[in-house]
Amino acid sequence: MDPATFDVVIVGGRPAGASLAARLGAAGLRVLIVERATFPSAPAVSAPFLLPHALALVDEVGVDEAAYTVDTPQLRSFVLELAGYFRSVLAFDAGVAGRSYFYTVDRAQLDHALWRSLAAWPSVTAWSDAHVEDLLRDEGGRVVGVTGRRGGDRLEARARAVIGADGRFSLVARKVDARVTEERSDVATTLYYDLWDGVADYEPGGPPIAHIHSSCDGFSFVFMPTSRGRTIVLAQGRADAYEALAGAPDAIYEGLLRARPRLWRRLHGARRSGELAGMKRVGNLFREPGGPGWALCGDAYHQKDSIDAQGIYDALLGAKELAAQVVRWHRGRLRRVDLRRLQADVRRDHAPPRPRDLLGAPARRRQDADAVDAHQPRLRPPLRRPRHPPARPRRLPHPAPRPLPRRRRRPPAPPPAPPRRRPHRRPAGVTCPLGHEHRAPAALRRGRPITWPSGQ
Ligand SMILES: Cc1cc2nc3c(=O)[nH]c(=O)nc-3n(C[C@H](O)[C@H](O)[C@H](O)COP(=O)(O)OP(=O)(O)OC[C@H]3O[C@@H](n4cnc5c(N)ncnc54)[C@H](O)[C@@H]3O)c2cc1C
């Protein structure tokens, strides 16, 4: 075999790319994964909660939770505040996808753990510090490989398929001219965040908690306890509201926090790392998922406002769905990757979880019959309610109250009878000796004899 020929080349080695490579490697495909960064490193912008659904998908690719949560607190509840009007604490008590906690994950740790895990799959070749610059095509225009640089050397690799898992500014998507099939830019968010040391507890002495505060004026703030005792403090707002503020991003960020005493109190005495990061007008879009010889995965395919904390989950889930199709195609069970079905699966499964999914009700979960193979631990089944027969009622120590007598239902009222017409009778009367007509007394009318004046 030509060493530079693979079944699949993946561009990008973070959640989407690395988990896809692991799933394909587990199925025995020869994979080259190319990442321009070196690990450990975090992406330029990312301040992520990793919710239980996403943690379960990381389990599936064989990465141990302990490998990416060093010195990172488990979070067991959110507090949601709407200015001073409303406050609600939402606990993960019931457990979701096998866990009753989540993390503000340190991306450098997570991405490094995913990358390291690729060493377990002998058919996967992982190159970091390698930059893909262009795609190779055959005479028919089909994508058949990549070119670029690795260190000072030229990089060229051929494959049956090239998958762009190279993030929201995807080179692969640009090179193949992938169409944007759906876009929402009317509700764009702009956000900035920094890491802080020494942020005061939400409740003095209380457990670490994710604190989400909306000030009901187009801005919201998230305090995310993360590794090494630090807290990511994120200020996000409607892009137009942000852009209306004058000044440098750094001053705007701190000004927004200072203007909210409820939040600023927590930052009194805390120190910023001084590495403000952020993103303007975070997009929400779907691109077409693939074409001849290429496919997209993760943010390269589908990107969204970070407010719903779903990007990594979607990247991991999309990789799982794409891997299932690529494996079937590779094994000859599909003539080609069914992009329509893939798109339908992704759109269905990438719907954000409903609050009841996050907070205890059984999570919606699809077990893909073709998920790569038995090497991989399956997603734990969602928690079910106990199915025991209901316990027999205990006898009450006191006589049970007598049931109330059942109210007898009155028969429906008969329709009102038509008014009875009395036979017309001439008023019985007598004529008095003075010649006046008088109504006859009842006795007379009953037929008794009567004299006038009575008794006479
Ligand atoms: C501020 C912010 C907060 C967020 N919060 C959350 C959250 O709370 N929870 C959550 O789940 N998600 C969150 N996200 C989203 C999440 O970060 C992304 O959805 C996720 O990183 C997508 O993973 P990916 O593997 O598709 O792409 P990326 O993580 O972007 O990785 C792409 C990789 O491709 C590499 N690459 C690019 N081009 C090339 C090339 N030409 N050659 C070689 N390599 C290349 C890059 O170096 C990069 O490492 C947030 C995002 C932002 C911006």
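Values in this text are rule-based calculations from the coordinates and carry no lab data. The shown structure was predicted, so the numbers you read here are calculated from the model rather than taken from an experiment. Backbone-built Cβ (ideal geometry, glycine too); neighbour counts: all protein chains shown.
In this structure the amide hydrogen of L136, modeled in the peptide plane, comes within under 5 Å of the amide hydrogens of V144, G145, V146, T147, none closer than 5 places in sequence on its chain. When the alpha carbon gyration tensor of region 109-209 is reduced to an equivalent ellipsoid, its three semi-axes come out at 38, 23, 13 angstrom, largest first. Computed over all pairs of different Cα atoms, the Kirkwood value for the hydrodynamic radius of region 44-95 is 13.5 Å.
Packing-wise, with mean Cβ within 10 Å as the measure, how do 164-171, 194-201, 149-156 rank, highest first?
Working: 164-171: 23.2, 194-201: 17.1, 149-156: 11.8.
So the order, starting with the most tightly packed, is 164-171, 194-201, 149-156.
Taking the Cβ-Cβ separation of R333 and T147 as r and a Förster radius of 41 Å, what is the calculated FRET efficiency to the nearest 0.05? The formula returns an efficiency of 0.85 here. A simple spin-label model places pseudo-atoms 7 Å from Cα toward Cβ; at V45 and C216 they are separated by 2.9 nm.
Taking 2.2 N^0.38 Å as the expected size of a compact globular protein, what ratio does the Cα radius of gyration of region 1-150 give against it, to two decimals?
Working: Rg = 19.1 Å, N = 150, 2.2 N^0.38 = 14.8 Å.
Taking N as the residue count of region 1-150, the ratio is 1.29.
Quick check for you: which residues of region 280-318 have the amide N under 16 Å from the point 7 Å beyond the Cα of R174 toward its beta carbon? Residues passing the 16 Å test: 300-301.
Cα centroids of region 47-126 and region 247-324: 16 Å apart.
The E243 and H268 beta-carbon pair, evaluated with R₀ = 35 Å, returns a calculated FRET efficiency of approximately 0.75. For region 201-260, the relative contact order is 20 percent, taking Cα pairs closer than 8 Å that sit 6 or more residues apart in sequence and dividing their mean separation by the residue count. Here the peptides 175-186, 302-313 are ranked by packing, the mean other Cβ count within 10 Å, and the order with the highest first is 302-313, 175-186. By the count of other C-beta atoms within 10 Å, a proxy for reagent exposure, L20, L29 are ordered fewest to most as L29, L20.
Only lysines eight or more places from K320 in sequence, or on another chain, were considered; those with a Cα closer than 27 Å are K175, K304.
Once the chain from S100 to R340 is taken as fully extended at 0.36 nm per residue, the excess over their C-alpha distance is 82.9 nm.
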